[in-house]
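Pasting a structure here, questions to come.
Coordinate-derived values only; no laboratory data. In this text, all values refer to a predicted model and were calculated from it rather than measured experimentally. Every residue, glycine as well, gets a Cβ built from its backbone with ideal geometry; the counts of neighbours run over all protein chains shown.
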Amino acid sequence: MSAFNAKRSAALGFVAWLLLLLTTTADSASIELIHKIVFFAILVIVPLGLSLLAASSSIYKLAVFIQPIAALLTIASFFLDKGIPSAALSSTWLLLTGLVALYGVSRLIGRGGPLPLSELSIDAGLLYLPIAGVWLVIYRLGEQPFGYGEIIILLTVVHFHFAGFATPIIAGMNGRILASIEFPQRIYAFVVFGIVAAMPLVAAGITFNPLLGLIGALLLSAALVLLAVLTIFWVRPRITHPANQILLVFGALASCAAMVLASLYAYSLASHTLILTIPTMAMTHGILNAFAFVTCSLFVWSRIEW
């Protein structure tokens, strides 16, 4: 029942997001676009991801119940000036992400170990989500730690919703299908390792050294290209509905294109060469990753009965 509620929340969230497209929350067009992507993440992506993990856990049920309330309060914070009242409203999302992470810990402990890799990948997505929650509160508070500009903080929020939370879950869903067939197991192991390990490397690249960010971007790119190969040639034939097959392939190819752009951007930071600007990345990589790869993939997996 909780999984159904999460799926219903995602559907209603999509309607709310369409209405929010008519609103303005920022003076800059590029920041406005990123705000709308954040709204999509908290209204649609998080509940859709949670809907794939039907469980009797009380923590899971509480997270599903709180999610729409926390999402609406957090979005309301974007209509206030940055400061303590705005941060207080957005802290409800931090609470929600903490519950999601606690559910991830309970899953890991309940299995008695990290295996199977598909479930470990899902756990990683759940555990990474609070990082997005922390940076979201910092953004609404108006602080800029480590000398970050507000747009870098905002993009970190986006990154850990889509790459940190959704991408490991998508990899886990693919792994559940692969577990029932013959497939290159070492490739899938590298996919999970690459996706999970790339997140702290990308963060370290922003904080300490752009070279670490480039290594993280290349590792994530390699993992997602290999995931696309597994999706197209091994997972897709196991999906019966043609429309679902098309969406999975489209999402897989979009992830490859998005990661080419991410690698170019990471290289430009490491080499101090202007190749792609942040607004360009938001318009290209951000849209490809958020709406083509993550949304299409999660939508397909939400339609499959396990």
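For the chain, which longest stretch is free of loop sites, where a loop site is one of the GluC sites (Glu not before Pro) that DSSP puts outside H, G, I, E and B and that has at most 10 other Cβ atoms within 10 Å?
In short, 1-181.
What do you get for chymotrypsin sites (Phe, Trp or Tyr not before Pro) in the range 188-289 restricted to DSSP loop and a cutoff of at most 11 other Cβ within 10 Å of the site's Cβ? Present the calculation step by step, with values, prior to reporting the outcome.
On the way: sites: 188, 190, 193, 208, 233, 234, 250, 265, 267; in loops: 208.
When the chymotrypsin sites (Phe, Trp or Tyr not before Pro) of the range 188-289 are filtered for loop state and at most 11 Cβ neighbours within 10 Å, 208 remain.
Determine the calculated [θ] at 222 nm for the chain from helices alone, applying -39500 (n - 2.57) to every DSSP H run no shorter than 4 residues and normalising by the residue count; nearest 500 deg cm²/dmol.
Details: 13 runs with 218 residues, N = 306.
Roughly -24000 deg cm²/dmol at 222 nm, from the helical runs in the chain.
Which lysines does residue 82 reach when only Cα atoms under 24 Å apart count, and residues fewer than 8 places away in its own chain are ignored?
Answer for residue 82, where 24 Å is the Cα cut-off: 36, listed by chain and number.
What is the sum of charges, Lys and Arg at +1 and Asp and Glu at -1, for the other residues whose Cβ falls under 15 Å from the Cβ of residue 235?
Value of the local net charge: +3.
Shifting gears a bit: Could you name the lysines in cross-link range of residue 61, using Cα to Cα under 20 Å and dropping any fewer than eight places away on the same chain?
7
Determine ³J(HN,Hα), in whole Hz, for all residues of the range 270-277 in sequence, where each value follows from phi through the Karplus function 6.51 cos²θ - 1.76 cosθ + 1.60 and θ = phi - 60°; x replaces Gly and Pro.
So the J values, rounded to whole Hz, are 5, 9, 6, 10, 6, 10, 10, 7.
On to the next question. Apply the Kirkwood formula to the range 2-302: the hydrodynamic radius equals the inverse of the mean of 1/r over all pairs of different alpha-carbon atoms; give it in Å with one decimal.
The answer is 19.2 Å.
Ok, one more. Residue by residue, what Karplus-based ³J(HN,Hα) values in Hz, rounded to whole numbers, does the range 147-154 have, using 6.51, -1.76 and 1.60 with θ = phi - 60° and x for Gly and Pro?
Rounded to whole hertz, the list is x, 5, x, 5, 6, 5, 4, 5.
Turning to a different aspect of this structure: Most exposed first by the Cβ proxy, i.e. fewest other Cβ within 10 Å, how do 225, 158 rank?
225, 158
For the range 88-218, calculate the relative contact order in percent as a whole number, restricting contacts to Cα pairs under 8 Å that are 6 or more residues apart.
Averaging sequence separation for qualifying contacts and normalising by length gives 23 percent for the range 88-218.
Follow-up question, since we're still on this one. Using a Förster distance of 25 angstrom, determine the FRET efficiency expected from the C-beta separation of residue 246 and residue 186, and round it to 0.05.
According to the calculation, E is roughly 0.30.
Also, quick follow-up: Using the Cα centre as the reference, give the magnitude of the dipole from point charges on the C-beta atoms of the range 2-302 (Lys, Arg: +1; Asp, Glu: -1; all else neutral), rounded to the nearest 20 debye.
Roughly 700 debye for the range 2-302.
Can you give the relative contact order of the range 2-302 as a percent, counting alpha carbon pairs under 8 Å and 6+ residues apart? Provide the component values of the computation, followed by the final result.
Details: 433 pairs, mean separation 47.3, N = 301.
Answer for the range 2-302 is 16 percent.
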